[in-house]
1. For the pair Asn27 and Thr2, what calculated FRET efficiency results from E = 1/(1 + (r/R0)^6), where r is the Cβ-Cβ distance and R0 = 25 Å, to the nearest 0.05?
2. What is the sum of charges, Lys and Arg at +1 and Asp and Glu at -1, for the other residues whose Cβ falls under 11 Å from the Cβ of Lys63?
3. Under a crude label model (7 Å from the Cα following the beta-carbon direction), how far is Thr77 from Thr11 in nanometres?
Amino acid sequence: MTLRTYVHWNTRFTRFCLESLKQTPQNAGTPAISAYLDYLVLERNVAPATQKQALNAIAFLTKKVFGVEEFTLDHVTPAHGGRRPPPLSCSRAWKSPPFLPISKTRGNLPPFSCSGPACG
């Protein structure tokens, strides 16, 4: 499973380097790693665990394949907490199961907003 995951992330990283930076990952160096991790957070809105998984895969590529023993990343935008569910609208509320226990949602209920004619 880890091998497949690392191949996935390194394929995406390589594509990012070639398409966005117009360089191979090996030539782009550590600034490319920082840029890709920032892209994941700022453009793709990934969770912290996802960002860390991508970093571990790229670190493996850099150390084991490219032969770079040690490297330092200057600045990486940290990912924020997990994704929140979208706001609950009136039409979605009527389709949801009624009286969902708080314990099942871990207290992470979406905000409720209504602009429909039935709520006016």
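1. 0.40
2. It works out to a net charge of -1.
3. If labels sit at Thr77 and Thr11, their model points lie 2.6 nm apart.
None of the figures in this text is laboratory data; all of them are computed from the coordinates on show. Owing to the predicted nature of the structure, the values given are computational and were not obtained by experimental measurement. When we count neighbours, we look across all protein chains shown, and the Cβ atoms used for this are built from the backbone with ideal geometry, even at glycine.
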